[in-house]
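Working notes, structure below.
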Amino acid sequence: MMAAVCKLLVLDDEPEIVEELTEFLDAEGFDCIGETSPLKARELLADDVAIGVLLIDLRMPEKDGLSFIRDLGDFLPDGRPLEVVIFTGHGGEEELIQALRLGVADYLRKPVDLDELVAVVKRLQTAYFDQKQRLAADAGFSSRLEELSSAIENINQRMENLNQRDGRHMLDGIADHDGSGVPEDLRLTPRQKEVLAMVAKGMNNFQVACELNMSESTVKLHVSRILRATGLYNRTQLALVYEKWHSAG
C-alpha cells in the first residue's frame, strides 16, 4: 500500500520561479516546498523524511545542481528513497549526461512546460512509492532471515550439546574394553581398522588415501562406516575411544 505523503522540494536560486512552481504544484494537489538556498534545502531534506521528490536547478551561484546532487550521500542515510529531476535553461549535453550518471531520473528545459512538469512529478511520485515498498519488503525479508538464522543457530547449538552429551556416554560405554585393540563385536573389516588407526593419529582423508593407495571418496566411505559402527559422531571421538582401547587393561 502506498505511503500517505510524498512531498516535493523545489530548489532554484530565482525566487520568482520557486514561487510560481510551488503555487502551481500546490494547486495541482501536490504537497510542495520551495527554497532558494541550497544550504536550507539540505537541512530540509535531512530533517523531513517525507520529501520524496527533489526538483533542482542545474546552475545556481551558491552551489550548482550537480554538486548538490553529488553531496546527497553525505547527509542522507543509505537507502533513503529520493527521486531527482533537474531544471536547465542552458545546460549542455555533457552536464545532462553527468546528471543522469548521478542517478537523476529526468530533466526539464526552462521555461518549464507545466503539463510536462505534472506528468514527470506524478511519475516520480509513483517511482518513490515503489521504491519505499521495495525497501520495506527487503527490510521485512532481512528481519525474517535474521530470525531464521538465529533459530537455526539455536537448533545447531542444542544439537551440538546433545551430541556432546551422548558422545560422552558412548565413549564411556564403548571404551569398556580389555585393551587388546578394536573390539571384535564392531565387525570392522581389516581395511576399516587400518583407516581407523590412521584417523586416530590425526591424519586427514587425503593423507589416509595416499598412505593406503585408495581414493579420498573411499576413505570417506570407510570413515562413515566406522562412525556408524561405533555410534560416534566425529573423528575426534574416534581418536579418543581408539586411544582408550589401546591404553586400557
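Values computed for the structure shown
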quantity: Aspartates and glutamates with Cα under 16 Å of K220, excluding same-chain neighbours fewer than 8 positions away; calculated: E194, E211
quantity: Separation in nanometres of the label points that stand 7 Å from Cα toward Cβ, at T236 and R101; calculated: 5.5
quantity: Karplus 3J(HN,Hα) series, Hz, for the range 188-197 with 6.51 cos²θ - 1.76 cosθ + 1.60 (x for Gly, Pro); calculated: 7, 6, x, 5, 5, 5, 5, 4, 4, 4
quantity: Extension reserve of the E146-D26 stretch, reckoned as 0.36 nm per residue once the Cα distance is removed; calculated: 38.9 nm
quantity: Interchain or long-range residues, amide H under 5 Å from I33's placed H; calculated: L8, L9, V10
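Laboratory data are not the source of any read-out in this text; all were calculated from the coordinates shown. Quick caveat: nothing in here was measured; it's all calculated off a predicted structure. With ideal geometry, Cβ positions are generated from the backbone for all residues, glycine too; neighbour counts draw on all protein chains shown.
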